[in-house]
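*Asks:* What follows is a single structure, and I will ask about it in a moment.
Laboratory data are not the source of any read-out in this text; all were calculated from the coordinates shown. If you're wondering where the values come from, they're calculated on a predicted model, not measured in any experiment. As a convention, Cβ positions derive from the backbone with ideal geometry for all residues, glycine included, and neighbour counts pool all protein chains shown.
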Amino acid sequence: MSTDSNRDLDLLLDEIREEVWATRQFTGRPALDERVLEALREVPRHSFVPDESHHRAYGNYPLPIGHGQTISQPYIVALMTDLIQPRPEDVVLEVGTGSGYQAAVLSRLVKQVYSVEIVEELAREAGARLQRMGYANVEVRTGNGRLGWPQHAPYDAILVAAAASRIPPALIEQLKPGGTLVIPVGSPHAAQDLLVLKKNARGQAEENNVLPVAFVPLTGTAED
C-alpha cells in the first residue's frame, strides 16, 4: 500500500478501537482481540471497493459496491469477526460475500471460509478477486444464503452480513454444538439488532442482542 493508505489505515484502526470502547456497554467488549485488528491491517480494503471509492476506502463507514449492496463499515466487520472468537482450526460459513472483504479478513484467522452470495455477478467477481489476491482458504459460490452451505456443515461459526426478520433455521441446523452465529435481525430499513446465537454442547441455542445496526436485507426464501 502507499504511504497515504498506510496512514489512513492507522487512523482507521485507532477509530475502531475508540468506537469499540464507546460501545462497550452494549457489546461487553472494551477492546477487540488484537489478532482481529491485525487481520484488518493485513487486508487492503481499497482492493475490495470500486475504483471511484478508493479515496474513501479507509473511512469507517459502509460503501456501495453495486447491485444495491455495500461493503460493511470496518468497525462492524471487526466487531462481528471478534464476536465469533475465531480460532486457527475453525471452519466458518459467511452469508453475503459482497466484494469479499469480510471473507478475506476471516481468512487470516481461521482454517477455511465458505462464502455464499446470492448475486451471481458479485459472487463471480469476489471469487476471482480473492483467488487473485492469494486468499486460498476462501471458497465462494452463488446461492441462497438462507439455506447455508450444507455440504460443508457443521460450522464452527456462521457470520451473516445481511439482515433477516428471523434467523434462518437452516443456519442454526448447520452450526456445530459449541459454535457461534452472528446475524443482524430486523426489518429492512427499520430497527435491526446484531444478534449472537450460541449453540451449547446439547445443541440448544441461546441468543443475545448486542448492538443496533443497519444492514441491507437478506434475500432469497427458505424454499429456494
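*Asks:* At most 13 other Cβ atoms within 10 Å and a DSSP loop assignment: could you name the GluC sites (Glu not before Pro) in the stretch 14-95 that fit?
*Replies:* GLU89
*Asks:* Could you give the length gained by full extension between LEU11 and GLU89, i.e. 0.36 nm per residue of separation minus their alpha carbon distance, to one decimal place?
*Replies:* Full extension from LEU11 to GLU89 adds 25.0 nm.
*Asks:* Would you be so kind as to identify which of TRP21, GLN73, LEU171 lies farthest towards the positive end of the dipole of the chain, taking Lys and Arg as +1 and Asp and Glu as -1 on Cβ and the Cα centre as origin?
*Replies:* Working it through, the farthest residue towards the positive pole turns out to be LEU171.
*Asks:* In whole Hz and in residue order, list the ³J(HN,Hα) couplings for the stretch 108-114 that follow from phi through the Karplus curve 6.51 cos²θ - 1.76 cosθ + 1.60, θ = phi - 60°; x for Gly and Pro.
*Replies:* Listing the rounded values in order: 6, 10, 10, 6, 8, 10, 10 Hz.
*Asks:* OK, next. Give me a comma-separated list of calculated 3J(HN,Hα) values for the stretch 47-55, in order, Karplus coefficients 6.51, -1.76, 1.60 applied at θ = phi - 60°, integers in Hz, x for any Gly or Pro.
*Replies:* Each residue of the stretch 47-55 in turn: 7, 10, 10, x, 3, 5, 9, 3, 5 Hz.
*Asks:* Points 7 angstrom from Cα along the Cβ direction at ASP51 and ARG141: gap in nanometres?
*Replies:* Each label point is offset 7 Å from its Cα along the Cβ direction, giving 3.3 nm.
*Asks:* With point charges of +1 on the Cβ of Lys and Arg and -1 on the Cβ of Asp and Glu, referenced to the Cα centre of the chain, which listed residue (PRO64, LEU12, VAL140) lies farthest in the positive direction of the dipole?
*Replies:* In the chain, that residue is VAL140.
*Asks:* Now for a separate question. What list do you get for LEU37, LEU195, LEU106, LEU175 if you sort them by fewest beta carbons within 10 Å?
*Replies:* LEU37, LEU195, LEU175, LEU106
*Asks:* Return the whole-Å distance between the Cα centroid of the stretch 64-82 and the Cα centroid of the stretch 98-170.
*Replies:* If you average the Cα positions of each part, the centres end up 13 Å apart.
*Asks:* While we're looking at this one, here's another question. Per DSSP H run of at least 4 residues, take -39500 (n - 2.57); add these up for the chain, divide by its residues and hand me the 222 nm value, nearest 500 deg cm²/dmol.
*Replies:* -9000 deg cm²/dmol
*Asks:* If I model a spin label as a point 7 Å beyond the Cα along the Cα-Cβ vector, how far apart are those points for ALA22 and ARG124 in nm?
*Replies:* Label-label distance for ALA22 and ARG124, simple model: 4.1 nm.
*Asks:* Would you calculate the convex hull of the Cα atoms in the chain and tell me its volume per residue in Å³?
*Replies:* 114
*Asks:* Measuring from label point to label point, each 7 Å out along Cα→Cβ, what is the MET133 to GLU206 span in nm?
*Replies:* With each label placed 7 Å out from Cα toward Cβ, I get 3.6 nm.
*Asks:* Can you give the charge dipole size of the chain about its Cα centre, rounded to the nearest 20 debye, using +1 on the beta carbon of Lys and Arg and -1 on the beta carbon of Asp and Glu?
*Replies:* Charge dipole of the chain: 440 debye, to the nearest 20.
*Asks:* What ³J(HN,Hα) values, in whole Hz, does the Karplus curve 6.51 cos²θ - 1.76 cosθ + 1.60 give for the stretch 61-76 when θ = phi - 60°, with x put for Gly and Pro?
*Replies:* 7, x, 9, x, 10, x, 6, x, 10, 9, 8, 5, 4, x, 4, 5
*Asks:* Let me ask something else about it. What's the exposure ranking of SER187, SER115, SER99, going from fewest to most Cβ atoms within 10 Å?
*Replies:* Neighbour counts put them in this order, fewest first: SER187, SER99, SER115.
*Asks:* Throw me the Rg/Rh for the stretch 1-85, computed over C-alpha atoms with Kirkwood Rh, two decimals.
*Replies:* Using only Cα positions, Rg/Rh for the stretch 1-85 is 0.97.
*Asks:* Still on this model: Could you tell me which residue out of GLN131, LEU197, LEU211 lies farthest along the dipole of the stretch 82-224 toward its positive end? Charges go on the beta carbon: Lys and Arg +1, Asp and Glu -1, centred on the Cα centre.
*Replies:* About the Cα centre, the residue reaching furthest to the positive side is GLN131.
*Asks:* From the P(r) of the stretch 29-72, could you give the percentage of C-alpha pairs in the tail past 13 Å?
*Replies:* 60
*Asks:* Output needed for the stretch 102-224: three equivalent-ellipsoid semi-axes, defined as square roots of 5 times the C-alpha gyration tensor eigenvalues, in descending order, whole Å.
*Replies:* Over the Cα atoms of the stretch 102-224, the ellipsoid semi-axes are 23, 18, 14 Å.
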